[in-house]
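Just below is one structure, and these are the notes that go with it.
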Amino acid sequence: MGNIRTGLKNASRRKFLQQLALWGGGSVLAGGAIASALHYEHKKKGVPHIKEIAEHTHQLKVNKEALSELQRRGREGIPGKRWIWVIDLAKCKNAQRCMSACQQAHHLRPEQSHMNVLVMQASEHTPAYYMPKPCQHCDNPPCVSVCPVDATFKRQDGVVLIDNQRCIGCRFCIAACPYNARMFNWIEPLYAKEDANMEYNVELNLPQRKGTITKCLMSADRLREGKLPYCVSACPNGVYWFGDENEDVVTNGTTHETMRLSELLEKNGAYQLMPELGTKPRVYYLPPKGRSVPVKEEDKEKAIEYVHHFES
Amino acid sequence: MRIIERKRVILFSTLLLFAIAGRAEEWQVPADKEKRTSPYLFDEQMRKKGEDIFKRSCASCHGMPGQGNNIRSLVPIPPDLAEKKVQQQSDGAIFYKITVGRGAMPSFKNSLTEQERWQVVAFLRSFNKDYVQPPLARLVDSAKLRSVKVIPTFDTVQHKVVVLIKAFQKTDTLPLSEAEVSLFVQRYFGNLPIDSVRTTSQNGLVTFNFPTNLPGDSVGNVQLIVKVNHEMFGELEKTYTAKLGVPTIKPPLTEKNAMWNVGKKAPRWLIISYLLVVGTIWFFLIRIILSIRKIKQTGKNPKL
């Protein structure tokens, strides 16, 4: 009897010690994991998204504080503003100055441009016209919804930007964008060597990086300085109106004429591209009515070819 | 027969084209504007600045003067500005055309200052060997300009702006008539003109109708600019703040919970359903572990 009792007693003590070790070890492990996670989160918050890039032979030393500042303010945007863009198709003569200004500003290859002047034609007996098409900077951007790493984002002033230091090159956003506004740097960017030492500016997306997305930035760096976007000021034909929706005013990039946004949209029967998708674009178009310059014959042929292609 | 007919058609259309082109060239410049001369001497510095502006704002259609690279597909054809037709015109006429524009040619009234427009004229004149600059227009006496007083009154109920202009005339500061007054609202990229340009009456007054629906800041304040231009007294500009706008506070566009927003601002249904799914899984995991424990304990109990 006594033997049994001691046996039982021993057994319960062993069990108790076993359980103690299990629980104690478990809680130490769990506590450690939580502590290190908190530590990591804290560190991440203090100096956001920084990488020191060692490239080939030279170590790139980046000014940590300045870089984080550029990325921080690039993410926040300009308070109290809601940028709005109006493109007057009646004025476009396919001068393509917007495209070259854009390429120059963002160090793009000749075949790349955040702004494209397209030749459009709806059906066989409707006229062809030129249509400049930038990113629509949607208020409900599908590209941002699908980004798995928070590399592309929308700011409080409406601009949709890309942070190529975070981009992993998955190209989900290209697939998601109904306006075909994004492109991928498949090969080394044009000025890869020259720009290597440049501090990354998210509002200019410079330096461009191979294996990441590049897109229209609404010239966010210029907006900060109170200047109109590169493409808008480069246009010789008065196609672009740009302004702040909160002020209800837009300014023409060519003539610098300023007028009421609501009036301009109302009087000219403005429309948006594919509003049925619910993307809520920040770009408005004025119909190509009363054009002074006809579409070139070769462009007309190109347009009708597409019409036939889609009709067949 | 057909060939002749075709030739006729060609001849006719050529004549028609000439007629259209000829009509397009008649660009009447008011006599007083035509007589205007530059108040600045056309020196090398002026020419150089003019060249920069020209390259930026004019060359895309007109091409560089004397090189014949103007865009001929446009109607009317923007002339090469070194041409005789252009150079025969007075400085005042060229200045006027740059200022107001016509048809496809934009007005540079708002994008270039008067001095910049004269710089462009200076650049264009450098392509004319025979050009001799006429006597300079005199710049306005600064003492006279300083005597000009602008006294605005803002009627926030009727949405009217009344501006009284006074200036020192002969012996005393008196209301100034015949002064051109324009009103603007300051905006981020440029100034919005309000109403039209008005000329002061005998009692030196002008009245502007202010729109009732123009957004102001959070309390409805707008920054106003009054520009005054008088032949004798020159140009001046004053800035004021008035409560003439509609109070506007628009939240940032990233305020709403949405799919595309940051993690914290994800849609509520998404947060709730996510937490529900995670919670349910944990609930069942814990239940399974507890059940296993119960089975084990039950198995050990010799009584059962």
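The values are calculated or read from the model by the stated rules, or taken from the named source; none is laboratory data. Being a predicted model, the structure only gives us computed values, none of them experimental. Heads up, the Cβs are rebuilt from the backbone with ideal geometry, glycines too, and the neighbour counts pull from every protein chain shown.
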Does at least one position in segment B:208-220 carry a residue that is part of a strand (DSSP E or B), more than 12 Å from every other protein chain (Cβ to nearest Cβ), surrounded by fewer than 15 Cβ atoms within 10 Å (Cβ to Cβ) and not acidic (D, E)?
yes
Failed item in (1) outside any strand (DSSP E or B); (2) within 27 Å of A:G253 (Cα to Cα); (3) touching a residue at least 40 places away in the same chain (Cβ under 8 Å), with B:V181 passing the rest:
(1)
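To keep it simple, each residue is scored yes or no on (1) at the interface with chain B (Cβ under 10 Å from one of its Cβ atoms); (2) part of a loop (DSSP other than H, G, I, E, B).
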position: A:S233; (1), (2): yes, no
position: A:G238; (1), (2): yes, yes
position: A:G243; (1), (2): yes, no
position: A:V250; (1), (2): yes, no
position: A:T254; (1), (2): yes, yes
position: A:M259; (1), (2): yes, no
position: A:E263; (1), (2): yes, no
position: A:L273; (1), (2): no, yes
Going by what's in this entry, would A:D299 be described as touching a residue at least 12 places away in the same chain (Cβ under 8 Å) and crowded, with 21+ Cβ neighbours inside 10 Å?
no
Yes or no: segment B:34-43 includes at least one residue that is closer than 30 Å to A:G253 by Cβ, at pLDDT 85 or above and in a helix (DSSP H, G or I).
no
Considering every residue within segment B:194-204, establish whether at least one is within 13 Å of chain A (Cβ to nearest Cβ), surrounded by 15 or more Cβ atoms within 10 Å (Cβ to Cβ), over 17 Å from B:F154 (Cα atoms) and in contact with a strand residue (DSSP E or B) (Cβ under 9 Å, 6 or more places away or on another chain).
no
Consider A:R209 against the criteria (1) under 30 Å from B:F210 (Cα atoms); (2) buried (at least 20 other Cβ atoms within 10 Å of the Cβ): it satisfies all of them except one. Which criterion is unmet?
(1)
Suppose we filter segment B:236-248 for residues that are free of Cβ contacts under 8 Å to residues at least 60 places away in the same chain and out of contact with any Gly (no Cβ under 9 Å at 6 or more places or on another chain); how many remain?
3
Do you know which residues across segment A:122-136 are more than 14 Å from every other protein chain (Cβ to nearest Cβ) and closer than 18 Å to A:L286 by Cβ?
A:A122, A:T126, A:P127, A:A128, A:Y129, A:M131, A:P132, A:K133, A:P134
What's the total number of residues in segment B:55-82 that are more than 12 Å from every other protein chain (Cβ to nearest Cβ), touching a residue at least 60 places away in the same chain (Cβ under 8 Å) and not small (G, A, S)?
1
Can you tell me which residue is surrounded by the most Cβ atoms within 10 Å (Cβ to Cβ) among those in segment A:137-171 that are facing another protein chain (nearest Cβ under 10 Å) and of a type in the set (G, A, S)?
A:G158
Residues satisfying the stated conditions in segment B:158-206, i.e. within 24 Å of the chain's Cα centre (by Cα) and hydroxyl-bearing (S, T, Y):
B:S182, B:Y188, B:S196, B:T199
Do we have any residue at all in segment B:265-286 that's in contact with a Lys or Arg (Cβ under 8 Å, 6 or more places away or on another chain), surrounded by 14 or more Cβ atoms within 10 Å (Cβ to Cβ) and small (G, A, S)?
no
Residues of segment B:238-273 being modelled with pLDDT of 90 or more and charged (D, E, K, R), which ones?
B:K238, B:K243, B:E255, B:K256, B:K265, B:R268
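Residues checked against (1) in contact with a Leu (Cβ under 8 Å, 6 or more places away or on another chain); (2) within 13 Å of chain A (Cβ to nearest Cβ); (3) assigned to a loop (DSSP other than H, G, I, E, B):
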{"position": "B:L224", "(1), (2), (3)": "yes, no, no"}
{"position": "B:K250", "(1), (2), (3)": "no, yes, yes"}
{"position": "B:K256", "(1), (2), (3)": "no, yes, yes"}
{"position": "B:W260", "(1), (2), (3)": "no, yes, yes"}
{"position": "B:T280", "(1), (2), (3)": "no, no, no"}
{"position": "B:I292", "(1), (2), (3)": "no, no, no"}
{"position": "B:G299", "(1), (2), (3)": "no, no, no"}
Return the residues of segment B:149-176 that are assigned to a loop (DSSP other than H, G, I, E, B), closer than 21 Å to B:N229 by Cα and at pLDDT 90 or above; say none if nothing qualifies.
B:L176
Test: residue in segment B:171-183 that is within 29 Å of A:F242 (Cβ to Cβ) and within 14 Å of chain A (Cβ to nearest Cβ)
yes
Does any residue of segment A:288-309 turn out to be more than 14 Å from chain B (Cβ to nearest Cβ), closer than 30 Å to B:K109 by Cα, outside any strand (DSSP E or B) and of a type outside the set (A, V, I, L, M, F, W, C)?
yes
In segment B:91-127, residues that are surrounded by 16 or more Cβ atoms within 10 Å (Cβ to Cβ) and assigned to a loop (DSSP other than H, G, I, E, B) total 10
Would you call B:Q169 of a type in the set (S, T, N, Q) and surrounded by 13 or more Cβ atoms within 10 Å (Cβ to Cβ)?
yes
I'd like to know if segment A:155-164 contains one or more residues that are within 24 Å of A:Y230 (Cβ to Cβ), in a strand (DSSP E or B), out of contact with any helix residue (DSSP H, G or I) (no Cβ under 7 Å at 6 or more places or on another chain) and not hydrophobic (A, V, I, L, M, F, W, C).
no
Enumeration of residues in segment B:87-145 that are free of Cβ contacts under 8 Å to residues at least 12 places away in the same chain and among the β-branched types (V, I, T):
B:V100, B:T113, B:V132
Residue in segment A:91-105 that is farthest from the chain's Cα centre (by Cα), counting only those that are closer than 14 Å to A:N252 by Cα and not basic (K, R):
A:C92
Residue check, B:V197 against (1) over 30 Å from B:S177 (Cβ atoms); (2) among the hydrophobic types (A, V, I, L, M, F, W, C); (3) not in a helix (DSSP H, G or I), all met but one. Which one?
(1)
A careful count of residues in segment A:67-114 that are more than 21 Å from B:E255 (Cβ to Cβ), among the charged types (D, E, K, R) and not in a helix (DSSP H, G or I) gives 5
Just to be sure I understand, how many residues within segment A:180-207 are part of a loop (DSSP other than H, G, I, E, B) and within 13 Å of the chain's Cα centre (by Cα)?
6
Can you confirm whether A:G211 is part of a loop (DSSP other than H, G, I, E, B), at positive phi and within 13 Å of chain B (Cβ to nearest Cβ)?
no
Of all residues making up segment B:48-85, the number that are crowded, with 17+ Cβ neighbours inside 10 Å, part of a helix (DSSP H, G or I) and over 24 Å from the mean Cα position of the chain (by Cα)
0
